[in-house]
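Scroll down for the structure; my scribbles are underneath it.
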Amino acid sequence: MRAAITSGPPSQAPESAARSSPAEPASALSPADRAMLDYAAKLTRTPDAMCQGDVQTLRAAGFSDADILDIAQIAGYFNYSNRIANGLGVLAC
């Protein structure tokens, strides 16, 4: 991810990737972007199901160990901060 952020234009702008929905065709994202988002979704929804195979999938998609650490930390941080906000009632129902 660090390389994608700092070295030239990414395969798809982060803004448009954030707007993609499950209804959009899989071709809307690059294979690397899809692998990254699948990893983040699994980490968010079923963190206890994460395994070394998930990391291997990211490596096979071209991510370095530093990239994978960034992906895990960013997904984990957003999960953490959203749960704290929800727990404190910051996000009104």
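Assorted remarks:
- Residue ID - modelled with the highest pLDDT, chosen from residues in region 1-20 that are surrounded by 10 or more Cβ atoms within 10 Å (Cβ to Cβ) and not in a helix (DSSP H, G or I): Ser20
- Flag if Ile84 is in a helix (DSSP H, G or I), free of Cβ contacts under 8 Å to residues at least 40 places away in the same chain and touching a Lys or Arg at 6+ places or on another chain (Cβ under 8 Å): no
- As for region 21-31, it holds at least one residue that is loosely packed, with under 13 Cβ neighbours inside 10 Å, within 15 Å of the chain's Cα centre (by Cα), modelled with pLDDT under 95 and not charged (D, E, K, R).
- Residues of region 41-70 classified as more than 26 Å from Arg83 (Cα to Cα), hydrophobic (A, V, I, L, M, F, W, C) and assigned to a helix (DSSP H, G or I), total: 1
- Of all residues in region 47-69 being surrounded by fewer than 17 Cβ atoms within 10 Å (Cβ to Cβ) and in contact (Cβ under 8 Å) with a residue 60 or more places away in the chain, the one that is nearest to Arg34 (Cα to Cα): Ser64
The values are calculated or read from the model by the stated rules, or taken from the named source; none is laboratory data. All values derive from a computational prediction rather than experimental measurement. Cβ sites come from the backbone with ideal geometry, for glycine too, and all protein chains shown count toward neighbours.
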